[in-house]
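Below is one structure, written out as structure tokens; the observations come after it.
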Amino acid sequence: MKGIIIGAGIGGLTTAIALESQGKGIETQIFEAAPELSVKGAGILIPPNAMAVLAQYNLVEQLKPFAQPIQSMVIMNVNGETLSSSSTDYAYHGKSFQTHAIHRGELQKILLNKLSNKQIKLDHKCEKLNVETNKVKVDFLNSSKASADFVIGADGLRSKVRNSLFPSASAQSNLRYSGQVCWRGIANIEIDARWRSQLTEIWGQGSRFGFVKIAPEQVYWYATQYQKAPLDQNVDSQTLVKHFSHYPSPVQALLESTQPNQIIQDHIYDLAPLSNWSDRNVVLVGDAAHASTPNLGQGGAQAIEDAYLLAKTLSSAISQYQDVETAFKRFEQGRRKKVDSLVKAAWQIGQVTNLSNPVACYMRDTAVKHMSKFMMQKNTQQMYAWP
């Protein structure tokens, strides 16, 4: 059985690895829109649920030399007062997994190396699909064509596969703007020991700043600001430094240690829940199916979880002589409840950090500070639960 994966990001690469590991004669070809595989200036967290999946494919030991173990997630206010601290470790069947922070490009390299024998066709941007009874034909913007028994859309928030399957669900109006502009970068600096084993997030009035060490003398940072409508132009680095001048150390040092041309500016969107993730022999995974705002650090992790379960259900369907459509429906049923819950929770956190009224911010910070350990543990269990 032959399949096409559209998108060579974390979700697409992990899905190819997962399918290959099943050993059921499933062959996949990956098509990527970009002319080259490069990811600049971005870090990513790999939480325990994603680490547990990667362990299934013997990838954890390959990952650790390039990643920084993270013991806790700490939320502070602009006065430097700790509001919340929670562990980022989790145990599955007696085996503990720890959150790791890594440059997104390094993670991509590790996944690519696992697929060293698989050719990835670059500069192949999906234009449209033609779904037939037993085949799917894909047309690309470079005028080339391909066909397979099934197609997996792993092409992100603005998925062309989703647009072809469900045109009404992919219009710009279906993307939900969070009211946040976001900046990200990699600071070439070594931070004090107190910060090195935690993800730190500082909440202000309508803004926040987060940072985490990802490698020696490399710190990934991100900052958000409430913005009612998306900005028309990029904010320069000096303006950014001034904007966060009232934030505690080491925020200023991180901003000043980042090359101005390496700062990425984005606006944060998520995807309103879709009625379906699949149609016949085409299925969506990762952000193409359920893009969330990054407030829980679970976007990549959920794509990795998708890859695991999709490979399992597809392999099982083949073993039982069932069709691909049945496998895709079972995959969605197995993932839908958790993903919908996380998308909702991530959105709500974003709206809470958008608050700019001083009284509202004080009440928010007080509520976070006094959140019971039981509630924190319950939220952690829901987020890290796997499979």
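The values are calculated or read from the model by the stated rules, or taken from the named source; none is laboratory data. Worth saying up front: this structure is predicted, and the values here are computed from it rather than measured. Heads up, the Cβs are rebuilt from the backbone with ideal geometry, glycines too, and the neighbour counts pull from every protein chain shown. These accessible areas exclude ligands, DNA and RNA; they are computed on the full protein's heavy atoms, side chains included. Shrake-Rupley method; radii C 1.70, N 1.55, O 1.52, S 1.80 Å.
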Sites matching chymotrypsin sites (Phe, Trp or Tyr not before Pro) across the stretch 236-330 that sit in DSSP coil, with at most 12 neighbouring C-beta atoms within 10 Å: 321
Simple label model, 7 Å out from Cα along Cβ direction - residue 175 to residue 27, nm: 3.6
Label point distance in nm, residue 144-residue 261, each placed 7 Å from Cα along Cα→Cβ: 3.0
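Express the relative contact order of the chain as a whole percentage, based on alpha carbon pairs under 8 Å and six or more residues apart in sequence.
Worked out over the chain, it gives 21 percent.
Send over the Kirkwood Rh of the stretch 285-347, from the inverse of the averaged 1/r over different Cα pairs, rounded to one decimal Å.
Numbers: mean 1/r = 0.0825 Å⁻¹.
About 12.1 Å, per the Kirkwood formula over Cα pairs.
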Environment charge at residue 320 (Cβ cut-off 13 Å; Lys +1, Arg +1, Asp -1, Glu -1): +2
Charge dipole of the chain about the Cα centre (unit charges at C-beta), most positive-ward option of 80, 304, 324: 324
Sulfur and carbon atoms: percent of accessible area, the stretch 54-151 [1.4 Å]: 43
Sum of side-chain charges, residue 273 neighbourhood, beta-carbon under 12 Å (Lys, Arg +1; Asp, Glu -1): +1
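Rounded to the nearest 0.05, what FRET efficiency do residue 133 and residue 321 give with R0 = 25 Å and r taken as the Cβ-Cβ distance? Could you check? Don't skip to the answer; put the middle values down first.
Details: r = 17 Å, r/R0 = 0.67.
After rounding to 0.05, the efficiency reads 0.90.
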Nitroxide proxy distance, nm - points 7 Å out along Cα→Cβ at residue 79 and residue 252: 2.0
Amide H partners (placed H, <5 Å) of residue 125, local residues excluded: 141, 142
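Round to a whole number: what % of the accessible area of the stretch 213-311 belongs to carbon and sulfur, probe 1.4 Å? Numbers along the way, then the final one.
Details: 1880 of 4110 Å².
Taking all protein chains in place, the stretch 213-311 shows 46 percent carbon and sulfur surface.
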The chain: most fluctuating residue of 94, 299, 25 per GNM, C-alpha cutoff 10 Å: 94
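What 222 nm value per residue comes from the helices of the chain, counting each DSSP H run with n ≥ 4 as -39,500 (n - 2.57) and dividing by all residues, nearest 500 deg cm²/dmol?
Values: 12 runs with 135 residues, N = 387.
After summing the helix terms and dividing by the residues of the chain, the value is -10500 deg cm²/dmol.
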Cut-off under 5 Å, modelled amide H: who pairs with residue 159 long-range: none
Convex hull volume per residue for the stretch 107-250, taking Cα atoms only, in Å³: 184
Stokes-Einstein D for the chain, Kirkwood Rh over Cα pairs, 37 °C, 0.692 mPa s (µm²/s): 152
Size of charge dipole - the stretch 231-281 - debye, nearest 20, with Cβ of Lys, Arg +1 and Asp, Glu -1, no other charges: 100
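In Å², what does the accessible area per residue of the chain work out to with a 1.4 Å probe?
Working: 17740 Å² over 387 residues.
Result: 46 Å² per residue.
Local charge sum around residue 175 (other residues, Cβ-Cβ under 9 Å, Lys/Arg +1, Asp/Glu -1)? Before the final figure, lay out each step's value.
Details: positive: 158, 176; negative: 270.
Value of the local net charge: +1.
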For the chain, share of DSSP beta bridges that run antiparallel, in % to the nearest 5: 75
